Every structure is written in C-alpha cells, then in structure tokens.
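Okay, structure first, notes after.
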Amino acid sequence: ADVSDTVGVGYSSVTTRAELEHRAVVACADSAELRDALRAVAEGRPSGVAVIDRSVSGRTAFLFSGQGAQRLGMGRELYTSFPVFAEAFDAAVVELDRYLERPLREVVWGEDAGLLERTVFTQAALFAFESALFRLWESWGVTPDVLVGHSIGELTAAYVAGVWSLEDAARLVAARGRLMDALPGGGAMVAVEAGEEEVAPYLGDGVSLAAVNAPGSVVLSGEEKAVLAVAERFADRRTRRLRVSHAFHSALMEPMLADFETVARELSYAEPQVSIASTVAADADLTDPAYWVGQVRATVRFADAVVELG
C-alpha cells in the first residue's frame, strides 16, 4: 500500500469508510514501520505497535491525575510535535508565571527533580500539562462525556469544562500550590490496602482519611507519628509511604484555608459545560467558592466518582 500520505490515508479511513465493529490502530514513528505494522494487521500477525479490538458503546471519561504524576521533561516532545499542545501550554504558563517565583517552563523542563517536587511548582506544572493535553485531544475530535479529577486534577477538570477562565483558573491553582507549599513541613501520607470502614476507628487524633481510591485502597494523612502508628496496625497488608512534602487532605492543611478562600471568592464562576463527577460529593456545586476551599481538606472520594462514571 502507498502510505506516503499518512495523514490523508488516516483521515479518509475515519471519515469515508463504514464504522465497522472490528477496529485496528497502529502507532508508528516512520513509513517503514507503518508498512510493516499494516502488513501484520492484514495478515493477522502480532505487532508491537498495533492494537486490534472491537468497538464498544458507552460514555468517554477523561481523568486528570493529581500530585505524583509529575516528571521532569513532561510534555516537551508533545510541545515540539503538536502546535495545538504548544499553544495551550504556552498560554497556561504565561498566566501561571505571574504568581510563581521562577519560570515554570524552566522547572518542568529543567534538571532539578527536587524543585519540581515542590508543591508550588508541582500543581502548576500538572495544570499546564493536563490542560494542554486536553486541548490536543479536543483538536482531534476526541471529547469526553464526563470528567473526573484527583485533587489538583479536579481544578484542571473544572477549568477545561468552563467553570473558570484561564486567568482565574491559573490564579486559583497558583494560590493553592503556594499556600500549601508555605505550610510547615512534616506530616506523612501512607497508602494502605484496607477499606474505609477498617481504618475509620483509627481516624482523628492527628490522622485523616485523605483518599479512598478503591474499595480496598485508602490513603491516610496527618501527623507523622500518628499516621505511621495507624499504618502499623495493617502491617500484614501492603502499605506504602508516599513521597510528599506535606500531609495533603488532612487537618494540617487548615491554616491555609482562610487565605485560599479569599482568592477563591474573588474569581468568576460559570456552570460547567461538560459533566464532572465530583470526588467530594455527588451533588456538589462546583460554582460555589466554598466547594474548592473544602476540597483542599476533604477526602478525595475517587472510588465514588468511578462508580458514578459507570
């Protein structure tokens, strides 16, 4: 097959051919690899760059992840390859840099992993990357029926859904990261293979339930000694201490809430244009500044949001 015009071939296959149940997708770096992959698909042979499956009906959901997903250099190749991504990333960086002590691009694409791990830069970097990635998918015609975000990711979800302008979203994201970063260090977060009902008797006295990620997967957060003591009660299960600068979604966040609320109440809000599965409460009002203040402290009920998606 002549694959010299790969864009034309791909476009025509999607827009002028019947939408059959059986589908195949190949992701290749060059024409030679594309020829080999297409030949493998045609002959029914395995290929490391081809995916063959059946189409299924259902809704499409986009997930915006939270802290821990960041890495040095993220988005750099997308930036050089796709103008849509670059334009959206640049726009976000311009707004965020108004509130940061050093240029965000230098941090994300630099060589100091410790600097990127600082909450003030981590949250801004994830917002810029994830919002630009959304715009790229959107430009390809891939749009979600529903959005869900984990912690800082929920702010990105709200922005792309139209709750805030880019200017207001960047201001809120930057304030959230800056105020958290300025809190005293210490505290601990530990992921525990246990259900919420199992850890519930040990909450309080310095230990908060930071997240319920699955029916048997929770995250404890709060004062280091107290959190580690509770985690020790589940020593026969899998536990993992998270590498974080602060104990997020715990009582240790409370000293920054008043200042964060001041910023949140100065912004303009609009009804989301895409459905959002809240990780705080199913009937939440995302246009209420109080929601975003409470979200800093509240348990991230990701498992409930996933159930809602179903």
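Between residues in the range 189-208 that are more than 18 Å from Arg238 (Cα to Cα) and touching a residue at least 12 places away in the same chain (Cβ under 8 Å) and residues that are part of a loop (DSSP other than H, G, I, E, B) and of a type in the set (Gly, Ala, Ser), which pairs lie under 7 Å by C-beta distance while being six or more apart or on different chains?
Partner pairs satisfying both residue conditions: Ser208/Ser250.
Would you confirm whether any residue within the range 182-198 is out of contact with any Lys or Arg (no Cβ under 8 Å at 6 or more places or on another chain), closer than 28 Å to Leu115 by Cα and at pLDDT 95 or above?
Taking every residue of the range 182-198 in turn, at least one turns out to be out of contact with any Lys or Arg (no Cβ under 8 Å at 6 or more places or on another chain), closer than 28 Å to Leu115 by Cα and at pLDDT 95 or above.
Take the range 18-51 and flag every residue that is in a helix (DSSP H, G or I) and at pLDDT 80 or above.
Result: Ala32, Glu33, Leu34, Arg35, Asp36, Ala37, Leu38, Arg39, Ala40, Val41, Ala42, Glu43.
Failed condition for Arg71, given (1) assigned by TED's automatic domain parsing to the domain that holds Ala170; (2) surrounded by 15 or more Cβ atoms within 10 Å (Cβ to Cβ); (3) not aliphatic (A, V, I, L, M), with all others met?
Against the list (1) assigned by TED's automatic domain parsing to the domain that holds Ala170; (2) surrounded by 15 or more Cβ atoms within 10 Å (Cβ to Cβ); (3) not aliphatic (A, V, I, L, M), Arg71 comes up short only on (2).
Taking the condition of being at pLDDT below 95, among the aliphatic types (A, V, I, L, M) and within 13 Å of Phe85 (Cα to Cα), how many residues in the range 118-143 meet it?
Total satisfying the criteria: 0.
Among the numbered criteria (1) closer than 22 Å to Ser245 by Cβ; (2) not assigned by TED's automatic domain parsing to the domain that holds Val94, which single criterion is violated by Glu232?
(1)
Looking at (1) assigned by TED's automatic domain parsing to the domain that holds Gly195; (2) touching a strand residue (DSSP E or B) at 6+ places or on another chain (Cβ under 6 Å), which is the one condition that is false for Ala277?
All conditions pass for Ala277, except number (1).
Being acidic (Asp, Glu), surrounded by 11 or more Cβ atoms within 10 Å (Cβ to Cβ), more than 30 Å from Val306 (Cβ to Cβ) and not assigned by TED's automatic domain parsing to the domain that holds Leu136, is that true of even one residue in the range 99-114?
No.
Could you check the range 222-260 and list, in sequence order, the residues that are charged (D, E, K, R) and surrounded by fewer than 17 Cβ atoms within 10 Å (Cβ to Cβ)?
Glu224, Lys225, Glu232, Arg233, Asp236, Arg237, Arg238, Arg240, Arg241, Arg243, Glu254, Asp259
Restricting the search to the range 52-95, which residues are farther than 25 Å from Leu115 by Cα and part of a helix (DSSP H, G or I)?
Ser81, Pro83, Val84 - these are the residues of the range 52-95 that are farther than 25 Å from Leu115 by Cα and part of a helix (DSSP H, G or I).
On the given criteria, is Glu117 closer than 28 Å to Ile276 by Cα and among the acidic types (Asp, Glu)?
yes
Can you report the number of residues in the range 202-260 which are assigned to a strand (DSSP E or B), within 23 Å of Ser278 (Cβ to Cβ) and among the polar types (S, T, N, Q)?
The number of residues fulfilling the criteria is 4.
The values are calculated or read from the model by the stated rules, or taken from the named source; none is laboratory data. Everything numeric in this text was worked out from a predicted model, so none of it was measured. Ideal geometry is used to build each Cβ from the backbone, glycine not excepted, and the neighbour counts take in all protein chains shown.
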